[in-house]
1. In the range 190-204, what residues are closer than 26 Å to residue 156 by Cβ and open to solvent by less than 60 Å² (accessible area, probe 1.4 Å)?
2. Out of the residues in the range 130-168 that are touching a Ser or Thr at 6+ places or on another chain (Cβ under 9 Å) and in a loop (DSSP other than H, G, I, E, B), state the one that is modelled with the highest pLDDT.
3. Can you tell me which of (1) open to solvent by 30 Å² or more (accessible area, probe 1.4 Å); (2) of a type in the set (Ser, Thr, Tyr); (3) under 28 Å from residue 85 (Cα atoms) is the one residue 174 doesn't meet?
4. Got a number for residues in the range 135-161 being open to solvent by 10 Å² or more (accessible area, probe 1.4 Å) and within 30 Å of residue 113 (Cβ to Cβ)?
5. Quick one: count up the residues across the range 177-207 that are modelled with pLDDT under 90 and not in a loop (DSSP other than H, G, I, E, B).
6. List, please: which pairs have Cβ atoms under 7 Å, are six or more places apart or on different chains, and start with a residue in the range 166-189 that is touching a residue at least 12 places away in the same chain (Cβ under 8 Å) and at positive phi and end with one that is in a loop (DSSP other than H, G, I, E, B) and not aliphatic (A, V, I, L, M)?
7. Among the residues of the range 207-252, how many are under 25 Å from residue 94 (Cα atoms), among the charged types (D, E, K, R) and open to solvent by 40 Å² or more (accessible area, probe 1.4 Å)?
8. Could you look through the range 241-261, keep only residues that are among the hydrophobic types (A, V, I, L, M, F, W, C) and assigned to a strand (DSSP E or B), and pick out the one that is modelled with the lowest pLDDT?
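The values are calculated or read from the model by the stated rules, or taken from the named source; none is laboratory data. In this text, all values refer to a predicted model and were calculated from it rather than measured experimentally. Neighbour counts run over all protein chains shown; Cβ positions are idealised from the backbone, glycine included. SASA here: full protein model, heavy atoms, side chains in, ligands and nucleic acids out. Shrake-Rupley method; radii C 1.70, N 1.55, O 1.52, S 1.80 Å.
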Amino acid sequence: MTHSNNMNRIILFIAIVLSITGCAPLPNKPGGDAASAAMHQHGHITVFSENSASGLPDQWTPLVILRTKKPTQYQLVEESGKTVLHAYAREASSGLMQYLDVDPLAQPWLNWEWKIGMVAGTDASKPQVVEDSPVRIILGFDGDKDSLPFADQILFETAKLITGHDFPYATLMYIWDKNAAVGTIMPSHRSGRIKMLVVANTAEGVGKWQSFNRNIATDFEAAFGEKPGQLIGVGVLTDTDNLGGISEAWYGDIRLRPERK
């Protein structure tokens, strides 16, 4: 492979991770004093309902994916007597994330709710770069990158040099898709280290709250063929930057549990 082709592949990898699939880089692991570490390291997800209905939730960090893109608007709002996260994207793409350090085998059950409002055009199954989604839960996992094929190792290292951020060993996303069957696992079109699992589809779930319970250890193994390492980040993403239009959604609390709820 020529130097030019290598660089093109690296650029495509960074683009798919940063902007197309919504898998933004995780922040550098906290260092320095204990207070700084306490601000970022958590064994549990800070739920939206524990915050007041204004601004952004505690411990969740904005994910500015590309500064050339318009950011999605996120704000805590009151909905049916509780605080939830509202997302509004008009030809926009950015997310929110929280850094974690959790053993997914000890706490494998992920519970969350979302409600889809307006939906821009989406189809994650197409080979074109059109992987917008009105709702998305993103999980980043640690692992031994030295065990990956050499080409993947080069991509990770080069992406880190260019962006200054570590990228997850593997990323699993729970998505809504208008065409694919529930349970479908789709790889990203540019990186096998990113997998999308369809948990809802068609227009049936639009306009009403939906609840989900997923075993992330089981889903990870189904997607990647191995047991997961530490869960190092959770994020949400509503985006319409590729196909344009408007998407709107609400996210309820996201929780990790040792047993199914």
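1. Answer for the range 190-204, where residues must be closer than 26 Å to residue 156 by Cβ and open to solvent by less than 60 Å² (accessible area, probe 1.4 Å): 191, 192, 193, 194, 195, 196, 197.
2. Once the filter is applied, the top-ranked residue is 135.
3. (1)
4. 3
5. Taking the range 177-207 as the starting set, the residues that turn out to be modelled with pLDDT under 90 are 177-180, 187-194, 201-207.
From the residues that got through so far, the ones that are not in a loop (DSSP other than H, G, I, E, B) too are 177, 187, 194, 201, 206.
Result for the range 177-207: 5.
6. Pairs found: none.
7. Residues in the range 207-252 being under 25 Å from residue 94 (Cα atoms), among the charged types (D, E, K, R) and open to solvent by 40 Å² or more (accessible area, probe 1.4 Å): 2 in total.
8. Residues of the range 241-261 that are among the hydrophobic types (A, V, I, L, M, F, W, C), as a first pass: 243, 246, 249-250, 254, 256.
Checking the rest, the ones that are also assigned to a strand (DSSP E or B) come to 246, 249-250, 254, 256.
Values: 246: 79, 249: 92, 250: 96, 254: 97, 256: 96.
So the residue we want is 246.
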